[in-house]
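Since the structure comes first, as structure tokens, the remarks are kept for the end.
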Amino acid sequence: MQIGVIGLGNIGGAIATNLVADGHEVTVRDLDPSLAAAVTGASIAQDIGSVARATEITLLSLPTPEVVAAVATDWAAAAAPGSVLVDLSTNSPAVVRELGDRLAGSGHHLVEAPLTGGAIGAERRMLVFMIGGAAEPVARVRPVLQPLGRATFHVGDLGLGNTMKLLNSLIAFTTTWVSLEGLSMAAKAGVEVRDAVEILRTAGASNFYLDRQVETIDGRGRPTQFALALAAKDAGLIVDTGASLGVPTPVASAVHDVLDRAVAQGLGGADWSELVALAEQQADVALRWGPDPEGNS
């Protein structure tokens, strides 16, 4: 198929590369020309309209709802009637529904397909897509998305895909932060992180972070795959979505404040894994799986 990809960051670039490998005719566009040039085998478009004219399905992997809306406007001005725009970004359900109505008015289709799995998942085809949209355009998009991941779920109408993505993020964000708070208490009291984790896993109070991530806590300064600024943006979307549904989100609000504080302290461009630095700073404690560089446990 003729597929466009706009936004070639850690996820979009890997997806575009895999689409080329799948045999599609891929046209790419990014504000950074070097990112477009890195997708070997793809055609490089000079503007969004050129992507729209050359493709029947265009995927967006962009940072904010505002950027998605602006790009969609330019795309719709040039795309043939019946073309499908697929938003892979984490977006506001309300914005997605509004954008879907606008594109329907111009004779186009919107499918939302927010994902989990990050840059590594994109490279290794291990993404999970949470799809919202009408049955017909979703059926056209599925054969493109399925080879890129390990699961695709059509949740229902537009907005529901991002509702599920935000739910997933809420649980990931909160369990990570509460784990770091608890481990800070343990370390400050004199219990080594490794021992505390073993006890928690055995006692049954474990979670996604303690089961799958905590052993990497010593790694600092990793290349950014999911920036803390984007996590803060997503947390804000969680709080806003809860408010729109009349669902109180006091825990989500607290985690949003934590992530905003991380950004305010200069960690916005750092990888998500650097959240541990904020926990250490506020508790004045070192969190290490093994001995730290200064010899503390």
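Structure summary
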quantity	calculated
Segment 264-276, subset more than 17 Å from the chain's Cα centre (by Cα) and of a type outside the set (S, T, N, Q), residue nearest to Ile171 (Cα to Cα)	Val276
Meets criteria (within 13 Å of Pro114 (Cβ to Cβ), assigned to a helix (DSSP H, G or I) and hydrophobic (A, V, I, L, M, F, W, C)) for Leu180	no
Residues of segment 211-229 satisfying the condition of being surrounded by 20 or more Cβ atoms within 10 Å (Cβ to Cβ) and closer than 19 Å to Gly269 by Cα	Ile217, Ala227, Leu228
The one condition in (1) surrounded by fewer than 21 Cβ atoms within 10 Å (Cβ to Cβ); (2) outside any helix (DSSP H, G or I); (3) in contact (Cβ under 8 Å) with a residue 60 or more places away in the chain that Val155 fails to fulfil	(3)
From Leu267, Leu278, residue being touching a helix residue (DSSP H, G or I) at 6+ places or on another chain (Cβ under 7 Å), surrounded by 19 or more Cβ atoms within 10 Å (Cβ to Cβ) and within 20 Å of Thr64 (Cβ to Cβ)	Leu267
Number of positions in segment 222-248 that are in contact (Cβ under 8 Å) with a residue 40 or more places away in the chain and either of a type in the set (Asp, Glu) or in a loop (DSSP other than H, G, I, E, B) (or both)	7
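Here, each number is a calculation from the coordinates, and none is a lab measurement. Because the structure is a prediction, the values reported are computed rather than measured. Virtual Cβ from ideal backbone geometry, glycine too; neighbours counted across all protein chains shown.
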